[in-house]
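Read-outs: derived from the displayed coordinates by stated rules, not from any lab. Please read all numbers here as calculations on a predicted model, not as lab measurements. Virtual Cβ from ideal backbone geometry, glycine too; neighbours counted across all protein chains shown.
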Amino acid sequence: KGAGRNCYAIFGAHMEELLQTRREIEYDLRRAVAEGEGLELHFQPVYAADNGALCGAEALLRWHDPIRGSVGPDVFIPIAEECGLMNSLGEFVLRETCLAAQRWPALKIAMNASPKELRGDGYPLKVMSMLNHYGINPEQIEIEITEGTLLDSGGQCQRNIETLRSAGVHFALDDFGTGFSSFGRLQNVKVDRIKIDKSFIDRFGKEEEGQAIVEAMIGLARAKGLKTTAEGVETEDQRVALKELGCDHLQGYLLSRPLSKEQFDELVGGNVVN
Ligand code: C2E
Ligand code: CA
Ligand code: CA
Ligand code: CA
């Protein structure tokens, strides 16, 4: 009993500390969003599996706080969602994605959208006005959503996706395979691409079963006319095997880490517009 109580005390103190840190992050993040400072998109190159050509980039949000240093999106995005900052943050991502699309007109630019954003009934209009404003062809943009996004939103999310897809915007199902019924989900929701989660790519080449699962995913996508991207490709063996299985696009540290705008400019060389 004594030990139990002790544990509770430690747990309680730890909880308090966590909450305090969270409140501080929330405070700093709110200021960063308001002033647009310390936030930027980095871009991870996406390559064609068959000939290795650079095809596009995934925009990934970065936050550098002057005191805290770099804070990962895995940490601050959930906080932004809970404290109502995701709309402004999402707008920032959307705008910067349009600017990137202008800057690299030959490339497809993918951005991540959080469940909260996608569920709003104003979302399609927001996206289309922004694309319009920057003169971006909707087909240059791909929006990555996770399965969680599609759960229980009274169909609003699905309707938003349909609206944007009929305007030409592409959609990818991110982290494919990690949800409860990824395969079943494909029946109901129309997307253009699946992104095979890194966890499957990790097991790929190590275990026979890992190979079979990825093969099944690519086969299913094919049958449904969907494109496939493998994320988190880290070894040459993975690259070769994915190419042989007919995976369309590859993304991962083997090919490139996410790059700043300036670093990405160097990669595309003379292709830059502004
Ligand atoms: P995600 O969409 O699955 O993004 C891929 C993550 O894997 C990125 O981490 C990327 O840097 C990392 N990655 C890519 N290749 C490799 C590899 O070969 N090895 C390893 N170990 N990692 C690799 P990051 O940038 O920390 O992003 C984490 C998550 O944060 C993203 O996962 C995404 O869910 C979320 N996120 C990032 N930017 C945004 C954004 O603008 N909006 C929203 N809503 N979410 C975002
Ligand atoms: Ca993603
Ligand atoms: Ca992903
Ligand atoms: Ca992932």
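Some notes on this structure:
- Subtracting the Cα-Cα distance of residue 187 and residue 215 from their residue separation scaled by 0.36 nm leaves 8.2 nm.
- Rounded FRET efficiency, nearest 0.05, which uses the C-beta distance separating residue 27 from residue 266 and R0 of 30 Å: 0.25
- Rounded if a/c under 1.5, otherwise prolate or oblate - segment 168-258, Cα gyration tensor axes: prolate
- Helix-only mean residue ellipticity at 222 nm for the chain, each DSSP H run of n ≥ 4 adding -39500 (n - 2.57), per residue, nearest 500: -15500 deg cm²/dmol
- Cleavage-rule hits (trypsin sites (Lys or Arg not before Pro)) in segment 216-274: DSSP loop, at most 14 neighbouring Cβ within 10 angstrom: 224
- Calculated FRET value between residue 159 and residue 237, using beta carbons and R₀ = 41 Å, to 0.05: 0.45
- By DSSP, the beta bridges lying fully in the chain are antiparallel in about 40 percent of cases.
- Stretching the chain fully between residue 99 and residue 224 yields a gain of 41.8 nm (0.36 nm per residue, less the alpha carbon separation).
- Dipole magnitude (debye, nearest 20) for segment 106-236, charges at Cβ of Lys, Arg, Asp, Glu: 560
- Bridge type composition, segment 40-172 - antiparallel percent by DSSP, nearest 5: 50
- Cα gyration tensor shape for segment 84-219, rounded if a/c is under 1.5, else prolate or oblate: prolate
- In this label model, residue 208 and residue 180 are separated by 3.2 nm, measuring between points 7 Å along each Cα→Cβ vector.
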